[in-house]
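Q: This structure is in structure tokens; I'll ask about it shortly.
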Amino acid sequence: MDTTRSKDDQQLRELKTQVEELSRALQEMKRRLMLSEKSALLGQLVAGIAHEINTPLGALKSNSDLFMRYTFKIKAMLLDPESPGEVRENPAILKLFAEVEKLNRVNKEASDRIVEIVNGIRRYARKDECAPTQADLHEILNSTLAIVHHELKNRVIVHLSYQADPRIHCFPGQLSQIFVNLIVNASHAIEGRGEIFIKTYNRNSDAVVEIRDTGKGIPQSELARIFEAGFTTKKNGMGMGLALVKQMADNHRGQIEVESAVGAGTTFRIILPAGDLQE
Ligand SMILES: Nc1ncnc2c1ncn2[C@@H]1O[C@H](COP(=O)(O)OP(=O)(O)OP(=O)(O)O)[C@@H](O)[C@H]1O
Ligand SMILES: [Mg+2]
């Protein structure tokens, strides 16, 4: 009788352990699913927006080019030595041309800038990036900065110091997303004006990307939790940014280092090992 009961107890305990293990595995699967769904959804959304912007942007850009050529022609006609002096030397006309040329220049710069941003976004959201590839770390950082420009401009000064050998075997879209998440977090941590220092260098054969901000810092008590999916101290935060960063750094067999001082700022370092990544 007693032996049967202890056998039952034993089986029950084993069953309980199994259920606990299964439930842990389920939690982990749920967490991974959330991460991959969020990043896939974001990628699709961003690619869709970039695509939508591209069509009217193409029209604007080609119209603006035509407009510049036509203005140039009209100016040449009006200022032709054969045209009447009252037209050629009319100060109002000359002033108008100076204004129109200035506007044209600004339009051209603005549309070039939008093209640059949209291309950056498309590179960032490209979905054909299942396989790792050889890329340029500094180009990835530059196109990432074009994406987050609107978040930083006029408020946060970015200092760049590129010292690493930029050749890197990586998933470029994921690296870009790592940098976006870290730079956006850095910007959120800065109340009012501040600075972000982005530095690359080699540590032995590893490439290190350091992103330091002069923001409010992370209290010691929170430091251990920041990579947890769902951990956030922001009103509208999802707490997903750093969990994704961790996952994508893992995909590169990379390491992350964090140092922070409340009131002084935070430094994140992504350490990327040299060598080819296997699929
Ligand atoms: N550079 C930083 N300076 C200060 N605190 C930071 C910094 N980076 C992250 N944190 C802290 O870590 C928390 C988690 O960051 P994480 O990027 O994972 O989520 P989030 O920014 O809150 O939301 P989201 O999902 O939109 O990124 C933040 O809420 C913030 O408290
Ligand atoms: Mg974040």
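Q: Of all the helices (runs of 4 or more DSSP H) wholly in the stretch 82-153, which have at least 1 residues that are charged (D, E, K, R), modelled with pLDDT under 90 and within 17 Å of the chain's Cα centre (by Cα)?
A: 91-125, 137-152
Q: Answer with yes or no whether ASN63 is more than 30 Å from ASN202 (Cα to Cα), touching a residue at least 60 places away in the same chain (Cβ under 8 Å) and not in a loop (DSSP other than H, G, I, E, B).
A: Answer is no for this residue.
Q: I would also like to ask the following. Check TYR201 against each of (1) outside any helix (DSSP H, G or I); (2) of a type outside the set (A, V, I, L, M); (3) within 8 Å of ligand 1 (Cβ to nearest atom); (4) within 20 Å of ASN142 (Cα to Cα) and name the one condition it does not meet.
A: Only one criterion in (1) outside any helix (DSSP H, G or I); (2) of a type outside the set (A, V, I, L, M); (3) within 8 Å of ligand 1 (Cβ to nearest atom); (4) within 20 Å of ASN142 (Cα to Cα) is unmet by TYR201, namely (3).
Q: Can you name every residue in the stretch 175-197 that is crowded, with 18+ Cβ neighbours inside 10 Å and among the hydrophobic types (A, V, I, L, M, F, W, C)?
A: LEU175, ILE178, PHE179, VAL180, LEU182, ILE183, ALA186, ALA189, ILE190, ILE196
Q: Moving to a separate point now. Could you please give the count of residues in the stretch 243-266 that are within 16 Å of ligand 2 (Cβ to nearest atom) and open to solvent by 20 Å² or more (accessible area, probe 1.4 Å)?
A: 5
Q: Applying the selection to the stretch 228-254, what residues are in contact (Cβ under 8 Å) with a residue 24 or more places away in the chain and more than 9 Å from ligand 1 (Cβ to nearest atom)?
A: Scanning the stretch 228-254 gives GLN247, MET248, ALA249, ASN251, HIS252, ARG253.
Q: Still on this structure, I have one more. Give me the residue from the stretch 134-164 that is touching a helix residue (DSSP H, G or I) at 6+ places or on another chain (Cβ under 9 Å) and open to solvent by 60 Å² or more (accessible area, probe 1.4 Å) and, out of that set, farthest from ALA274 (Cα to Cα).
A: Across the stretch 134-164, the extreme among qualifying residues is ARG155.
Q: Scan LYS102, LYS61 and give me the residue that is surrounded by fewer than 14 Cβ atoms within 10 Å (Cβ to Cβ) and of a type outside the set (Phe, Trp, Tyr).
A: Going through LYS102, LYS61 in turn, just one is surrounded by fewer than 14 Cβ atoms within 10 Å (Cβ to Cβ) and of a type outside the set (Phe, Trp, Tyr): LYS102.
Q: For the stretch 198-227: of the residues being within 16 Å of ligand 2 (Cβ to nearest atom), without any contact (Cβ under 8 Å) to a residue 40 or more places away in the chain and under 20 Å from the mean Cα position of the chain (by Cα), which is most open to solvent (accessible area, probe 1.4 Å)?
A: PHE227
The values are calculated or read from the model by the stated rules, or taken from the named source; none is laboratory data. Since the structure is predicted, the reported quantities are computational estimates derived from the model, not experimental observations. Glycine also receives a Cβ, built like all others from the backbone with ideal geometry; neighbour counts cover every protein chain displayed. When the accessible area is computed, the model is the full protein with side chains, heavy atoms only, and any ligands, DNA or RNA have been set aside. Shrake-Rupley method; radii C 1.70, N 1.55, O 1.52, S 1.80 Å.
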